[in-house]
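First comes the structure, then the notes that go with it.
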Amino acid sequence: MDERERAEDGTDPGSTSALRPPDEPFVVPDLGEHPPARRRRRRVPRTVLVGLGVLLLFALVYAGDLLTSRGDVPRGTVVAGVAVGGLDPAAAEASLRSSLEARATAAVVVTAGDVTTELDPVSAGLGLDWPTTLAQAGAQPLNPWTRLTSLYSEREVPVVTSTDTAALATAVETLRAKTDRAAVEGALGFDGATPVPVSPAPGQTVDGPAATELLAASWFGGQPVVLAVTELPVTVTPEGVSAALATVATPAVSAPFTVTGTADAVAVLDPAGIAAVLSFAPDGAGGLTPTVDVAAATAALAPQLAGTETTATDATVRLAGGAPQVVPAVDGTSIDWPATLTDPLALLTGASRRVAAVYAHSPARFTTEQAKGLGITEVIGEFTTGGFGDASGINIRRVAEQVQGAVVKPGETFSLNGYTGTRGTAQGYVESGIISNGRAGTAVGGGISQFATTLYNAAYFAGMTDVQHKEHSYYISRYPAAREATVFEGSIDLRFAVPTSTGILIQTIGTSSNITVRIWGTRTVEVESIGAARTDPTSPSTVTLPAGPDCSSSGGAPGFTTSDTRVIRSAATGAEISRSTRTVRYNPQPIVVCEAPAPAPAPAPPG
């Protein structure tokens, strides 16, 4: 039986039904309306299997590579020429430090204009930031293609620097001290009588903030850092200096310059003197403008011709034969230096180098007519005091000599301290008695207050205006109460003004026992002094001092208050013009007792 017959018969030995017992009914499975055709097994192509295998292998390799390189710097990373790809961050930083730190601490070459210098990056606060630099490389890429190409390619990562801005700014300012320079203007001076030209040279300056920014960005580039500079120009050209040297400076000092005066007198300015008064300044157009200091030239020349000038003498009034006489003014002649040196530059550089002095009339400042108009014709005030000692008399007569003949013009004020000046030993004054703090003492110039009192009273009765005076602190019996004055150099002065349209002359007459002051002028007023009673007496205190040369005993005197009234009337009509009262409080003069020290106790007898 063939296979088909066996199949029809249902006894296919390969069928499970062949093993079914004969008595078990055959059940046909319910396969639907149409039983399926018999399925045939398909075979997978070999190329697919190979591809799947390769893909699986690639996935395994990718996963293994990703797993083993996790946390490392991506492959192919290069920093400043140093390959750090595939290294863990610590190893990568160590490699960078080893390769680049020497370069990071090396001096940076800096160029600014025509100046080349160096900058120390460490002291300037410049450094490298390794963690930030490596962070730029990023994390491990997940793209398979990127990971694959990193095996044979490189990726450059820039170095990240760190900057201490304050330190760098300070370093830049130090750098500018080397790179910056002021412009040297073209100039012309002299060394003695030798002209010294100065060639112009432009300056340059670096912008500090811009330089700081540029250095922070490019100091690690391995190339010189070129800083931009601003040129500081000059205004004088080399040609301008040369022209001034050839046309002015050299001719000016080639020979002396002479000014001729009367009687064959001459004044000479030698080449060194010419150089001292000649200067040059930029003219704004590239050249130099010469200038002659006429005042300095005059100061050098004038003394040499002073003997050819006559000094003007003012008119004055002096006493001769016991009466005032006008001494006429005398006009003088003087050199008009501005007119003599009208074109000094031409004179100094010209061919002759010689000029005649121009003399001018020099009138007196106070003329004879003005002196006559002072009206000094008669005594209008006079006062005399006496009772001084020998030393005081020396000082009183010395100050009288200085004041003798003083003329005070209408409206002017006379000052005793201002007129005499310093009153010391060099001026002929000696040490004499004074009153200090109510007690007797000595000082150079003692006794001057007696002259001040005498002068004050003469001016008082002459109708002068009291400007400043001060009474003694305690009363001195030889002076009129409330009508006396004291002076002290530098602090207490006697001053009075002339209130009339005519002037006055002060005459002093000193003897061994008294001093007289007369005021000459034109009498226009009569003056009356009305004294007052003494009131409010105060008793003196007692001061006990050790006996010796520094102690002068005194009986003291009581203090009191009094006043003086000055009445001024017209000399022509007798009408009262003014009435003024001055009240003075005098302190009591202390009683001074010079007490000898008590004798030392006798030693006790031996026991």
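Please treat every number below as a calculation from the coordinates, not as lab data. Everything numeric here is computed off the predicted structure, so don't read it as measured data. Methodologically, a virtual Cβ is constructed for each residue, glycine included, from the backbone with ideal geometry; neighbour enumeration extends over all protein chains shown.
General observations
- Phi-derived couplings, Karplus 6.51 cos²θ - 1.76 cosθ + 1.60 at θ = phi - 60°, listed residue by residue for region 263-274: 6, 6, 6, 9, 10, 10, 10, 6, x, 5, x, 4 Hz, with x used for Gly and Pro.
- Environment charge of D466, counting only residues whose C-beta is closer than 9 Å and scoring Lys/Arg +1, Asp/Glu -1: +3
- Region 373-595: C-alpha gyration tensor shape, a/c 1.5 cut-off, then a/b vs b/c: oblate
- Near-label residues of region 406-424 by backbone N, under 16 Å of a point 7 Å along Cα→Cβ of V467: 406-421
- In sequence order, region 371-384 has phi-based couplings of 5, 5, x, 5, x, 7, 10, 8, 7, 10, x, 8, 7, 9 Hz under the Karplus curve 6.51 cos²θ - 1.76 cosθ + 1.60, θ = phi - 60°, and Gly or Pro positions carry x.
- Stretchable slack from S242 to T165, in nm (0.36 nm times residue separation minus alpha-carbon distance): 22.9 nm
- Formal net charge of residues neighbouring T562 (Cβ-Cβ distance under 12 Å; K, R +1; D, E -1): 0
- G189 long-range amide H proximity, modeled H, under 5 Å: V196, V198
- 3J(HN,Hα) from dihedral phi, region 224-231, Karplus parametrisation 6.51/-1.76/1.60, rounded to Hz, x for glycine, proline: x, 8, 9, 8, 6, 10, 9, 7
- Volume of the convex hull of region 253-370 (Cα atoms only), normalised per residue: 135 Å³.
- From most to least packed by mean Cβ count within 10 Å, the peptides 487-500, 542-555, 351-364, 225-238 give 487-500, 225-238, 351-364, 542-555.
- Dipole in debye (nearest 20) - region 252-401, about Cα centre, beta carbon charges: Lys, Arg +1; Asp, Glu -1: 120 debye
- Other residues lying with their Cβ under 13 Å from the Cβ of V159 contribute a combined charge of -2, Lys and Arg counting +1, Asp and Glu -1.
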